[in-house]
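Take a look at the structure below.
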Amino acid sequence: MRRLSPQTTAVLNALRAGATYGHAVMKATGLASGTVYPVLRRMETAGWVHSTSVISYTIPGRPPRRVYTLTA
């Protein structure tokens, strides 16, 4: 069995605690975006996380945000 890295464990715990956006995960873990987003991408590829795009109509020109949720 493969062990989880401390960064992956931190991201997983942040998602379990309710963080939904990548920025919220960064704030909860103290990790940089260059660490958080690759971990989220790997977790999504592995089927641990599902993400959806959400368009913000309150801030014109803002790119869609991704909402991350743990899978069952």
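Here, each number is a calculation from the coordinates, and none is a lab measurement. A quick note: this is a predicted structure, and the numbers were derived from the prediction, not measured. Cβ sites come from the backbone with ideal geometry, for glycine too, and all protein chains shown count toward neighbours.
In a reduced charge model with +1 at each Lys and Arg Cβ and -1 at each Asp and Glu Cβ, the chain shows a dipole moment near 100 debye about its Cα centre.
From most to least packed by mean Cβ count within 10 Å, the peptides 54-67, 4-17 give 4-17, 54-67.
Report the semi-axes of the equivalent ellipsoid for the chain in whole Å, largest first, where each axis is √(5λ) for an eigenvalue λ of the Cα gyration tensor.
Semi-axes, largest first: 22, 13, 10 Å.
The base-10 log of I(q)/I(0) for region 1-41, evaluated at q = 0.23, 0.24, 0.30 Å⁻¹, reads -0.64, -0.70, -1.05 [Debye formula, identical scatterers on Cα atoms, solvent excluded].
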